[in-house]
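Just below is one structure, and these are the notes that go with it.
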Amino acid sequence: MKKTTTLIASMVAVPFILGACSDSNDDASSAPSEETTTPNETDMDGNGDEDVEDETDETDAPAEEGENQLDLVVGDTAIMESNVASFEFTLNSVEMVEEIDGEMPELDAYIIASITIKNVGDEPIDALETSRTFEYTDFLEGSGMPDDSEWYDEYDGVEGEIAPGDEMTGTAVYQGYVDDENYLRVKPGLTGISAINDAMFTFTLDELEN
């Protein structure tokens, strides 16, 4: 009889023991986990402040571009950086003439410019095409005129190839209207597509008539 009573008591106690174990496990799993701090998240002072550094991928850095130079005058040099070449463009002098090779201009006058182009890049450049990066205009809101020196025998334009480190001096011939202020500028179409940095020379009517 005593053995039977002991067995019954043991059978009754088992569910209570299992239930208590289950409650203990639930409490442990529901308790919030303590946050751990790794050495990467704290500074060397141990003050717990996060030391965050911005990492920049060098491959995503923008390509270096030349600065815009819009306040140049006769005698100055524009330093040009395009997507295919690097060169210096110097406007040595300007003058205005009323005829070339016996031909009268269709507009006000011919504008004659002595220019020097220096190749500061790593590849050869075409002198005339480089000269035609610039155009003449008397009105910044209007269109400009290119270097047409190749069509005139009276002036020696810049022609041929300029090797890296070399320079060439020649005459650029423009035709256009003349005003109190006149300009030799990079073609807006090139700067509009970011193919080259912007540059502009300003000269007066008095300088053209010197």
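Contact map, the stretch 106-121: residues that are within 21 Å of Asp153 (Cβ to Cβ) and modelled with pLDDT of 95 or more paired with residues that are surrounded by fewer than 17 Cβ atoms within 10 Å (Cβ to Cβ) and among the hydroxyl-bearing types (Ser, Thr, Tyr), Cβ distance under 6 Å, separation 6+ or inter-chain. Pairs shown: Ser114/Ser93. Here Thr191 passes the criteria (1) modelled with pLDDT of 95 or more; (2) surrounded by 13 or more Cβ atoms within 10 Å (Cβ to Cβ); (3) within 19 Å of Asp71 (Cβ to Cβ) except the one numbered (1).
Only one entry of Glu181, Glu209 meets the criterion of being more than 29 Å from the chain's Cα centre (by Cα), of a type outside the set (Gly, Ala, Ser) and at pLDDT below 95, and that entry is Glu209. Screening Tyr155 against (1) under 33 Å from the mean Cα position of the chain (by Cα); (2) at pLDDT below 95 leaves a single unmet condition, (1). Taken as a whole, the structure leaves Ala113 outside the set of residues that are farther than 18 Å from Thr204 by Cβ, surrounded by 14 or more Cβ atoms within 10 Å (Cβ to Cβ) and out of contact with any Lys or Arg (no Cβ under 7 Å at 6 or more places or on another chain). The residue that is farthest from Leu72 (Cα to Cα), counting only those in the stretch 161-178 that are of a type in the set (A, V, I, L, M, F, W, C) and under 29 Å from the mean Cα position of the chain (by Cα), is Ala163.
Only residues that are more than 11 Å from the chain's Cα centre (by Cα) and surrounded by 13 or more Cβ atoms within 10 Å (Cβ to Cβ): list them for the stretch 194-206, please.
The answer is Asp198, Ala199, Met200, Phe201, Thr202, Phe203, Thr204, Leu205.
Of the strands (runs of 3 or more DSSP E) entirely within the stretch 112-210, none holds at least 3 residues that are more than 18 Å from Glu95 (Cβ to Cβ).
Which residue is surrounded by the fewest Cβ atoms within 10 Å (Cβ to Cβ), if the candidates are limited to the stretch 136-162 and must be touching a residue at least 40 places away in the same chain (Cβ under 8 Å) and closer than 18 Å to Lys118 by Cα? Among residues in the stretch 136-162 that are touching a residue at least 40 places away in the same chain (Cβ under 8 Å) and closer than 18 Å to Lys118 by Cα, the one surrounded by the fewest Cβ atoms within 10 Å (Cβ to Cβ) is Ile162.
Would you pick out the residues in the stretch 65-111 that are polar (S, T, N, Q) and either within 27 Å of the chain's Cα centre (by Cα) or part of a loop (DSSP other than H, G, I, E, B) (or both)? Once the filter is applied, which keeps residues that are polar (S, T, N, Q) and either within 27 Å of the chain's Cα centre (by Cα) or part of a loop (DSSP other than H, G, I, E, B) (or both), the stretch 65-111 yields Asn68, Gln69, Thr77, Ser82, Asn83, Ser86, Thr90.
The values are calculated or read from the model by the stated rules, or taken from the named source; none is laboratory data. Just so it is clear, the structure is predicted and the values come from calculations on it, not from any experiment. A quick note on method: Cβ atoms are made from the backbone with ideal geometry, for glycine too, and the neighbour counts reach across all protein chains shown.
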